[in-house]
1. Give me the accessible area of Ser260, 1.4 Å probe, in Å² rounded to the nearest 10.
2. With a 10 Å radius around each residue's Cβ, average the other Cβ atoms per peptide and rank 435-447, 475-487, 840-852, highest first.
3. Indicate, rounded to the nearest 5 percent, the antiparallel portion of the DSSP beta bridges found entirely in the stretch 822-891.
4. Using mean Cβ contacts within 10 Å as the protection proxy, how do 811-822, 324-335 order, highest first?
5. Given labels modelled 7 Å from the Cα in the Cβ direction, how far is it in nm from Ser321 to Leu430?
6. Would you kindly state how much longer the chain becomes between Phe517 and Glu468 on full extension, computed as 0.36 nm times their sequence separation minus their alpha carbon distance, in nm to one decimal?
7. Mind jotting down the distance between the C-alpha centroids of the stretch 857-924 and the stretch 799-833, whole Å?
8. Once a ≥ b ≥ c are taken as the square roots of the eigenvalues of the Cα gyration tensor of the stretch 444-488, is the result rounded (a/c under 1.5), prolate (a/b larger than b/c) or oblate (a/b not larger than b/c)?
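The values are calculated or read from the model by the stated rules, or taken from the named source; none is laboratory data. Keep in mind the model is a prediction, meaning the values are calculated, not measured. Neighbour counts are summed over all protein chains in view; Cβ atoms, including those assigned to glycine, are modelled from backbone coordinates with ideal geometry. All accessible areas refer to the heavy atoms of the entire protein, side chains included, with ligands and DNA or RNA removed. Shrake-Rupley method; radii C 1.70, N 1.55, O 1.52, S 1.80 Å.
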Amino acid sequence: MAGILETMIAANVVGFSFQFIVGKLEKMLEEEAALLAGVEDDVRYIVAELRSITSFLTALSTRRNLQDDQLQNWMQEVREVAYDAEDSIDEFVCRLGWTPCDERGVKGFIKHFLHRIKSLKARHCIASDLKKLKVHVEEVRKRHDRYSHPNEATGTATSLEMAGTYSDPRIIGHFVEEAQLVGIKESKGTLIEWVLDKNRLELTVISLFGFGGLGKTTLVRTVYDDPTIVGGHFESRAWITVSQNYSIKGLLKKIIRQISVNEQQIRDVLGCQDDRLNTEQLLNMMDETQLVKTVRDHLQGKRYLLVFDDVWRTQAWEGLSIALPPGKEGSRVIVTTRIEDVANISCSRNHRFIFKVDPLSPELSWELLCKRVFEAPYYSCPPELENVGREILQKCNGLPLAIVTIGGLLASKPDKKLEEWKDLSNHLRLEIATNDMLLKIHQILVLSYNDLPYHLKPCFLFLGIFPEDFEIHRKRLMRRWIAEGIVSGIGGLPAEKVGERYFNQLVNRSLVQPSQFDDSGTVKSCRVHDMMLDVILWISSKENFAVILDEQTTTPPQRQKIRRLSWHGGNSGLVPDPDLSRLRSFTAFGVDVPPPKDYRKLRQLRAIDLEGCRALHYLLPTSFSKLYILKYLSLRNTGLSELSDSIGDLHNLEFLDIRGNHISKLPNTIVKLQKLVYLLASNYLKVPKRIEKLKRLVAFGMAYVENVQSLQEIGELVDLQKLGIGFHDDLSLRMQEISALFSKLIGSLRSLKISSWPNSGLKTALDEVASPPLLLCKLQIWCKLGELPPWFASLNHVVKISLIWTLLQLENLQVLKNLRALVNLKLGFRSFVHHDLVFDQGGFTQLKFLEISGYNVSFKVGAVRSLEILKIFFVTGGRRVNGIEHLHGLREVHIKTRDEEIIEMVKNISANHSNRLKCFATQL
């Protein structure tokens, strides 16, 4: 089975690589035709050959009865051809697209002349590389033709072939004794209540969705077989397993067999009265429309219960749902799925009946393991085994399939020796991939990977570069995808939007677990289940997608070209290795991880991510100077105090993150980075001259403006969506320029942070803004205003506002109250001149998060009805908070104060609140 999975996975990964490279070559033909003189025919030949190989791999990836070492070796060779081709293409395009600084005179002429010579050399190199690639592709094709099996990739595997290859591991969910289950009593009770609800007569669809292996099938099976269901409440019942490979006609036939349709009824629908034909022959003669009619006619007017288990496609549901007559008899349909879209579409009439299945808690996990391993009636674990048993459970992370399966393996060891349990705990990842008893865990999880469309497979594998249980931020992940060419723009849709769609699809398929949400409800960060991470790392290792170094493996593999390297620990530096010459990305996790001293020899690098690495004293000042292809550089939270001038040599850099450092100014060479899209900093940075040359800049923070010229140049960055800007000196001479700046950015700006100290001159400039950025979504102001600018009330799209030291009047609270899109409001110290803030009835219709620092706060009856999270921070005692009990939508309250009485009061209110609030109290 493992060999079959490897063959299928290899075909999928290589197939994606080839489609991606074919796209790049075709783009070269369109945009660089003049530069390909003499080799156009070679490029077209390569494109045609790669398309043929891709078609073969696509067909191969659908078969499940192929296990051939020669085939796997051939695909590994093809994969390396694909990677090498992409490296050559990227270096060629970047070199030819490089443009020197705009300098005048003799010096500029000489630079331009030298660049032209280099371009000619680059043309010669790409022509030579393409000819070599053409020969290599021909050799690969001929070698496969010599050794391939006839018709090996024609058609797809039949269900009979698949059944003969391996048994479906999901069958375990149908035959688990209920006495062996834990944590399902409440869930089962809820489902039975929904199924038997006598007050709900119309057809109702109940959908269960969640991660593979969570026990959805097992839970629904206990409901389906419950005596209250079996005992005659429903006139017809059927359990239909849909799965990934399905035929609507085949599924309809299964329904007909299980609901016992009369043979004469089938004959009548078919219009065939030939007595020589049995039921199966009649069903095989029916088309889909006739099968649908047969099911509908039989179920019409009856109370029925149908279970559609393991639905992977919305199309499958749509094809089946037309066979279900509505009626008022109290019929029910239950759908289990890993895909949230399937759950939403099947329950489109009433989302109340979507049931999300979550992992088991640590205690329920322990109870389940003990029931599988130890004998009834006490299921008690010997004390000496408990610690290592709980270590094993941490790896299972609440996944019932894993707990039950691993428990079965432990139960098979009659001696229950501590050494055996420790050995399993230390090598669990390897055991799951190779032990026949644990292979079903692997198979279940690999199904989710195999079901992914080709463009999502590398996005999913990329998650493996992050450490176990690491919180992965959506934006960081998407930008890494883009930098490495895994995601690109499609049909006019920018790469950022495509990446967002791909991320949402992974969430929708329950392949990642959301951990944080932003103000609009979008998933802000996620985690990968430990068991799924094991699958990712297994596939990644097989396909040479990425290499992970940790405390156990501090030396890279020596026999393969390393494309992606992720360092999770270990205190030894990287030894110079010729295989690193093909490195596409380097990622470091951990404060003390020493990166390579000099990156200049790693010419294929697209991304360097050193976030949180504090060992950058290893770097040479010119370490990045030769990285022409580099698109992503994160030096976030590394403790740097300055950037080297060599940063200006990264002409293809699109993303630069220097947040969390002590950098106070940008080098003048930064203006050479004319492809830069994101320039992120948390400190205010002195802006170099000619900053307007960064025409593609979308995010710029934080800019410290000292003169009118800098203001005017920032105003030329007309694509800016995110801007942080600070002023310090007297503003009297710059009022018009500040107003003009915001007016110029009216069509693009979505996020704005603005600060001014120590004076209040900014107020006049903001008041004079003729056309404010009305599409603004996030706004932070840190300066003395006295009152809000007149245009503030027109910010109909703003979802988050932070005010600090604004010294507003209380009537300005009414302006905030009427902002209909506002979700998150932070009122910092001295945001209002008065000490008492009163929230009365009405307004703040969408506000869910409110943070207040340094004020007496009162909430009247009917105030802030949608509020879910309240944070109140006091620095000194003597402040008050009243009316929390009136906030009926509240879920959490956070309070920090020196006043112990206030803490006790809030705790008591929280305990007696209708929502049983979570209370987080800290005494300063």
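1. 90
2. Working: 435-447: 20.2, 475-487: 22.4, 840-852: 17.7.
Highest-to-lowest ranking by the protection proxy: 475-487, 435-447, 840-852.
3. Values: 1 of 16 bridges.
Around 5 percent antiparallel, to the nearest 5.
4. Details: 811-822: 17.0, 324-335: 19.4.
Taking the mean over residues of other Cβ atoms within 10 Å, the ranking is 324-335, 811-822.
5. In this crude spin-label approximation the distance works out to 4.9 nm.
6. Values: separation 49, 0.36 × 49 = 17.64 nm, distance 2.06 nm.
Residue separation times 0.36 nm, minus the Cα-Cα distance, leaves 15.6 nm.
7. Comparing the Cα centres of the stretch 799-833 and the stretch 857-924, I get a distance of 19 Å.
8. In terms of gyration-tensor shape, oblate.
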